[in-house]
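Everything below concerns the one structure shown next.
The values are calculated or read from the model by the stated rules, or taken from the named source; none is laboratory data. Just so you know, these numbers come straight off a predicted model, no measurement behind them. Neighbour counts are summed over all protein chains in view; Cβ atoms, including those assigned to glycine, are modelled from backbone coordinates with ideal geometry.
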Amino acid sequence: MAAAGEIFRSNLTELLEESHSGDNELHVLAVDDSLVDRKVIERLLKISSCKVTVVESARRALQFLGLDGDGENSDIGFDGVKVNLIMTDYSMPGMTGYELLKKIKQESSVFREIPVVIMSSENVLTRIDRCLEEGAEDFLLKPVKLSDVRRLKEFIMRGEVKDGEKNSLKRRRSSDDCSPSLSTTFSPMRHLCDPPSSLFSPLSPSTLSSKKSRL
Amino acid sequence: MEVGQMQRQWMGYMKSLFMEGFLDGQFLQLQQLQDENNPEFVVEVVSLFFEDSERILKDLSFAVDQQSVDFKKIDAHVHQFKGSSASIGAQRVKNACIAFRNFCEEQNIDACRSCLQQVKQEYIHVKNKLETLLRLEQQIVAAGGSIPMMEWN
């Protein structure tokens, strides 16, 4: 069952990638105050064929996006920097990932639309809920794995293809092994989840399985 | 020593590091991220980890030596260390950090001091192990061999 699912997924990815003309690369902005984690996330994203910009703070992230309210705003030559996804660490000195998330979601429609994913080494239910409620696309438990990034990328690319298509995928998948109570708090992405992550990384439970155990 | 022998030695060493709990699956994840285009990736991350760890340990030593101890600050440093060690797969260091944080919460300075020693020890241990492992890898590659892919179940 798992094998069939995997085959379906990889065929779909190929299909989606073929249907893209040229602008195939996802541009991801990663935000993390940890030297080691920045190195790892950059590699994870590059190996997944994403264009990556890594910054060390939420402030720098806002600067990069042109949202730092310097007055030097975005309209000037903002052909710019199109970012398809923001991945941010939760606990950072100064502005936290959560605060960054809120800031982005408060912005004008262009920025508000950018999916934001929170990464955290701490599996705190209230934290997860709070982030999802604030509009985070997903919450990843650190250390982030290649399978997490792959799944994210697929999700984002589906979104780039067609919104309607994405919704029907959501509906089709919602009968997967996620329990009903989880579907209210988890982002749609969780319904597109891989079979229990134990098949891929026996030592590191996914957010999903650890949330399950908490219930 | 010929390549095959070196590779077997490497595998034996890796296995022991896992069995003894020095490393966990995350380290294997890092190895998977290394390829012909990025043959030095693991060495680079590990080097960053060493650099970062020395800095954190220095800050920690300073913090626990203060007259009036700031437990929040100590906890913040340990949290950082826990994160980076987890990202590398340095399991014993990570676990020592978890224990350390518990004592920070209890505001038990003596226990904190002893935890710092523990964490230092575990760090030095894993540093030595990793340096040995990476040296072995260097030798394999220099002899024209490739580093085996390992799975840990």
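The rows are residues; the columns are (1) of a type in the set (Val, Ile, Thr); (2) within 14 Å of another protein chain (Cβ to nearest Cβ); (3) at positive phi; (4) surrounded by fewer than 21 Cβ atoms within 10 Å (Cβ to Cβ).
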position	(1), (2), (3), (4)
B:GLN67	no, no, no, yes
B:LYS72	no, yes, no, yes
B:ALA76	no, yes, no, yes
B:PHE81	no, yes, no, no
B:SER87	no, yes, no, no
B:VAL93	yes, yes, no, no
B:GLU106	no, no, no, yes
B:ILE109	yes, no, no, yes
B:CYS112	no, no, no, no
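If you check A:GLU137, A:GLU113, A:GLU133, which single one turns out to be exposed (fewer than 14 other Cβ atoms within 10 Å of the Cβ), closer than 18 Å to A:VAL28 by Cα and modelled with pLDDT of 90 or more?
Of the residues listed, the single one that is exposed (fewer than 14 other Cβ atoms within 10 Å of the Cβ), closer than 18 Å to A:VAL28 by Cα and modelled with pLDDT of 90 or more is A:GLU113.
Test of understanding: among A:LEU12, A:LEU44, A:LEU26, A:LEU16, which residue is surrounded by 13 or more Cβ atoms within 10 Å (Cβ to Cβ), at pLDDT 95 or above and not basic (Lys, Arg)?
Sole residue among the options that is surrounded by 13 or more Cβ atoms within 10 Å (Cβ to Cβ), at pLDDT 95 or above and not basic (Lys, Arg): A:LEU44.
In region A:30-41, which residue that is of a type outside the set (Val, Ile, Thr) and part of a helix (DSSP H, G or I) is surrounded by the fewest Cβ atoms within 10 Å (Cβ to Cβ)?
A:LEU35
Could you tell me how many of the residues in region A:104-130 are outside any loop (DSSP other than H, G, I, E, B), within 14 Å of another protein chain (Cβ to nearest Cβ) and either hydroxyl-bearing (Ser, Thr, Tyr) or over 13 Å from A:SER91 (Cα atoms) (or both)?
So the count comes out to 1.
Here is a check on your reading of the model: is A:PHE78 among the aromatic types (Phe, Trp, Tyr) and either farther than 23 Å from A:ALA136 by Cα or at pLDDT below 60 (or both)?
yes
Mind listing whichever residues of region B:44-71 are under 12 Å from the mean Cα position of the chain (by Cα) and among the aliphatic types (A, V, I, L, M)?
Answer for region B:44-71, where residues must be under 12 Å from the mean Cα position of the chain (by Cα) and among the aliphatic types (A, V, I, L, M): B:VAL45, B:VAL46, B:LEU48.
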